[in-house]
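Okay, structure first, notes after.
The values are calculated or read from the model by the stated rules, or taken from the named source; none is laboratory data. Keep in mind the model is a prediction, meaning the values are calculated, not measured. Cβ placement follows ideal geometry from the backbone for every residue including glycine, while neighbour counts extend to all protein chains displayed. For accessibility, only protein heavy atoms count, side chains too; no ligands or nucleic acids. Shrake-Rupley method; radii C 1.70, N 1.55, O 1.52, S 1.80 Å.
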Amino acid sequence: MGTILDYLKEYGDYTLDEKPFSDVDSLVLSQLAYLKFDGMVPILGEKKPMVTLYDLVNHESYDHLYADERYRTDNTALFLGIYRSKRFGGLKIGNYVNRIELDKETQFSAVTFLLSNGIYYVAFRGTDENIVGWKEDLNLAFSEPVPGQLMSVEYLEETAKNIKGDFYVGGHSKGGNLAVYSAMKCDDKTRKRIIRIYDHDGPGFRPEVKQKSAYDQIEDRIHKTIPRSSLVGMLLYSDGCYQAVESKTLGVAQHNPYTWLIKGDSFHVVEEIRAGRKFMDEALNEWILSLNQEQMHTFVDTFYQIVLASETDNLIDFTENWFRSIHKIGAALKDVDPETGKMIIHMMKSLFEIVSSNAKERFKSKSEMQRERFDEGISQLELLLKNRK
């Protein structure tokens, strides 16, 4: 078994005519959408032809593709694997959009790929290294649409006008949410042209959001895949229709597509997500859906302040490093009501449990030490909440 990088090495010589487009291919393109195409790919509405991978390799700003240092090595291997393959080597890229609007708490990016078989893939980028993207992820728990969701509908409809034939829509993380949202909210003419919608570990929606959309018209075209210890992909998701994929790593880090395991030319599918994880996901969703809008805003704003206080730029590092900034986190919690404070602490426990419970076998001593530090920090926060006036 291997990852999407191994998949490109083993099956990259098969054309799309020889081996039809698959869920794994969708994950490859969803991850490709994370690369920074700024200044290299025509933007949406620009009257310029789509560019080839060869154009990018020879562009003076080629190195900028890998500006996200966290995944530079893997993203480089991915791009070169795609570039050297028969399967995707003839790929063309266009209709690029990348917007970061701090005042609107929005990070939105999308791009369109033209495959060698003449079919288009519209890809929405998930949350990247910008911390504002994580705030927008949390805002998805509200019933009203976030700006990125509205942008996704505009992007899909505008792109559909500029391309021929039917097409795929997909994305990873928030990109998966945007793929589904844009498909269920776009105009009927655009929706009818969508072949499949790929949601790779993307958050779901509040029930009222789906009820006010054409979700029932696209439901049978949605292909949802999640890692075995999914947290993000199970947020506000209760349909139960998904494929759980084994990962080579543990806990929250499974959200990273480069850890998903592939057996042959397909995902290594397991029967179900981990029982403990499923229980925590269901409890978190039940609590979120019980809140009114004001309570939900308070929860999201406070949790976001905690992430900032932990001095990390992503939630994966947050589970490991938050206790280094325990006093700042305590200050962020000082004004919330007891019930919200308890649930925030519960969520922090949930995030830590995913990591620590799975790490025991490999790093027993380190895991036990982190558990002691974690429990000590949680006790301090609980005492702070209890003693407040």
Worksheet item: Here are some residues: 85, 109, 26. Which one is farther than 19 Å from residue 151 by Cα and under 18 Å from the mean Cα position of the chain (by Cα)?
Response: 26
Discussion item. Looking only at residues that are part of a strand (DSSP E or B) and at pLDDT 95 or above in the stretch 209-244, which one is farthest from residue 77 (Cα to Cα)?
Written reply: 222
Discussion item. Quick check on the stretch 228-254: of everything there that is touching a Pro at 6+ places or on another chain (Cβ under 9 Å) and under 20 Å from residue 25 (Cβ atoms), which residue is surrounded by the fewest Cβ atoms within 10 Å (Cβ to Cβ)?
Written reply: 246
Practice prompt. Collect the residues in the stretch 23-77 that are touching a Pro at 6+ places or on another chain (Cβ under 7 Å) and of a type in the set (Lys, Arg), keeping them in residue-number order.
Written response: 48
Worksheet entry | Selection status of residue 96, surrounded by fewer than 21 Cβ atoms within 10 Å (Cβ to Cβ) and outside any loop (DSSP other than H, G, I, E, B) | no
Discussion item. Conditions first: (1) surrounded by fewer than 22 Cβ atoms within 10 Å (Cβ to Cβ); (2) aromatic (Phe, Trp, Tyr); (3) out of contact with any helix residue (DSSP H, G or I) (no Cβ under 6 Å at 6 or more places or on another chain). Residue 83 passes all but one, so which condition is the exception?
Written reply: (3)
Discussion item. Looking at residue 240 and the list (1) of a type outside the set (A, V, I, L, M); (2) free of Cβ contacts under 8 Å to residues at least 12 places away in the same chain; (3) under 27 Å from residue 119 (Cα atoms), which single condition is not satisfied?
Written reply: (3)
Worksheet item: Quick one: how many residues across the stretch 12-21 are under 22 Å from residue 167 (Cα atoms) and open to solvent by 30 Å² or more (accessible area, probe 1.4 Å)?
Response: 6
Discussion item. Looking at the stretch 62-80, can you tell me whether even one residue there is over 13 Å from residue 8 (Cβ atoms), assigned to a loop (DSSP other than H, G, I, E, B), open to solvent by less than 50 Å² (accessible area, probe 1.4 Å) and not small (Gly, Ala, Ser)?
Written reply: yes
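Here is a yes/no grid of residues against (1) at pLDDT below 95; (2) open to solvent by less than 10 Å² (accessible area, probe 1.4 Å); (3) in contact with a Ser or Thr (Cβ under 6 Å, 6 or more places away or on another chain); (4) in a helix (DSSP H, G or I):
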position: 118; (1), (2), (3), (4): no, no, no, no
position: 129; (1), (2), (3), (4): yes, no, no, no
position: 133; (1), (2), (3), (4): yes, yes, yes, yes
position: 137; (1), (2), (3), (4): yes, no, yes, yes
position: 155; (1), (2), (3), (4): no, yes, no, yes
position: 158; (1), (2), (3), (4): no, no, no, yes
position: 161; (1), (2), (3), (4): no, no, no, yes
position: 170; (1), (2), (3), (4): no, yes, yes, no
position: 184; (1), (2), (3), (4): no, yes, yes, yes
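Output the residues belonging to the stretch 245-261 that are at pLDDT 90 or above, part of a helix (DSSP H, G or I) and within 15 Å of residue 176 (Cβ to Cβ). First the steps, then the outcome.
Taking the stretch 245-261 as the starting set, the residues that turn out to be at pLDDT 90 or above are 245-248, 257-261.
Of the ones still in play, those that are also part of a helix (DSSP H, G or I) are 257-259.
Passing the criteria: only 257.
Return a yes/no flag: does the stretch 85-94 have any residue that is within 18 Å of residue 170 (Cα to Cα) and in contact with a Leu (Cβ under 7 Å, 6 or more places away or on another chain). Give the derivation first.
Our first condition is that a residue be within 18 Å of residue 170 (Cα to Cα); within the stretch 85-94, this holds for 88, 91-94.
After this cut, where a residue has to be in contact with a Leu (Cβ under 7 Å, 6 or more places away or on another chain) as well, the list is 91-92.
Checking the stretch 85-94: at least one residue is within 18 Å of residue 170 (Cα to Cα) and in contact with a Leu (Cβ under 7 Å, 6 or more places away or on another chain).
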Practice prompt. Test residue 16 against the stated conditions and say whether it is touching a helix residue (DSSP H, G or I) at 6+ places or on another chain (Cβ under 7 Å) and touching a residue at least 40 places away in the same chain (Cβ under 8 Å).
Written response: no
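Quick one: is residue 9 basic (Lys, Arg) and open to solvent by less than 40 Å² (accessible area, probe 1.4 Å)? Reasoning before the result, please.
Working: basic (Lys, Arg): yes; open to solvent by less than 40 Å² (accessible area, probe 1.4 Å): no.
So residue 9 fails the test.
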Worksheet item: What are the pairs, 6+ residues apart or on separate chains, where a residue within the stretch 23-39 that is over 14 Å from residue 67 (Cβ atoms) has its Cβ under 7 Å from a residue that is open to solvent by 10 Å² or more (accessible area, probe 1.4 Å) and assigned to a loop (DSSP other than H, G, I, E, B)?
Response: 24/265
Practice prompt. Test residue 76 against the stated conditions and say whether it is at pLDDT below 95 and on the phi < 0 side of the Ramachandran plot.
Written response: no
